[in-house]
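Notes follow once the structure below has been shown.
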Amino acid sequence: MADVAKDLTAGTIGGAAQLIVGHPFDTIKVKLQSQPVPPPGQLPRYSGAIDTVKQTIAAEGPRGLYKGMGAPLATVAALNAVLFTVRGQMEALLRSEPGAPLNVNQQVVVGAGAGVVVAILATPTELVKCRSVHFFQ
């Protein structure tokens, strides 16, 4: 049970760190992708990623890069926790003895198994996210 708690904790912290570092890039990407097509002869609102960062910080401050991070923080942390836990449990099942290293084939099975579980859980979440982005545009 201690291993499960360790995997859950590591996955949660890893997921949160991933989002804290990556969310500003996602924000910029979404702003660039969702900007309207300018009329002929006019420039787009954002000329590129750096311009988008500058305009966002000027208009909203640095917190603007993290807008909308609450829901993804919960889901990414939870999905990473599940990933780490499933991987840890599958490793324990495939080990010939406690602490023995896994061979390459076993590592592939463990990684693929954990990935399948997370994909099953993440797909509905991503579908809702994608549809809501299009709904609110």
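The values are calculated or read from the model by the stated rules, or taken from the named source; none is laboratory data. Just so we're clear, the structure is a prediction, and the values are computed from it rather than from any experiment. Please note: Cβ atoms are built from the backbone with ideal geometry, for glycine as well, and neighbour counts cover all protein chains shown. Side chains are part of the model used for accessible areas, which takes the heavy atoms of the whole protein and leaves out ligands, DNA and RNA. Shrake-Rupley method; radii C 1.70, N 1.55, O 1.52, S 1.80 Å.
According to the calculation over all Cα-Cα pairs in the chain, the P(r) per 5 Å bin from zero is 2, 9, 13, 16, 15, 12, 10, 8, 6, 5, 3, 1, 1, 0 %. Report the FRET efficiency, 1/(1 + (r/R0)^6), for V21 and E97, where r is their Cβ-Cβ distance and R0 is 22 Å, rounded to 0.05. About 0.05, to the nearest 0.05.
Here the dipole of the chain is about 480 debye; that uses its Cα centre as origin and unit charges on the Cβ of Lys and Arg (positive) and Asp and Glu (negative).
Using a cut-off of under 12 Å, list every residue of segment 1-30 whose amide N is near the label point 7 Å from the Cα of Q89 along the Cα-to-beta-carbon line. It comes to 1, 4-5, 8, nothing else. Rolling a 1.4 Å probe across the protein heavy atoms gives segment 69-136 an accessible surface of 66 Å² per residue.
Computed over Cα pairs, the Kirkwood radius of segment 1-67 leads via Stokes-Einstein (1.306 mPa s, 10 °C) to a diffusion coefficient of 112 µm² per second. Working note: Cα atoms of segment 69-136, range along each principal axis, descending, whole Å: 53, 20, 13.
For the pair V116 and A71, label points projected 7 Å from Cα toward Cβ lie 3.0 nm apart. Neighbours of T85 by Cβ distance under 13 Å: Lys/Arg scored +1, Asp/Glu scored -1, total -1.
Placing unit charges on the Cβ atoms only, positive for Lys and Arg and negative for Asp and Glu, gives segment 1-67 a dipole magnitude near 260 debye about its Cα centre. Secondary-structure-derived ellipticity at 222 nm for the chain, considering helices only, amounts to -26500 deg cm²/dmol, per-run term -39500 (n - 2.57) for DSSP H runs with n ≥ 4.
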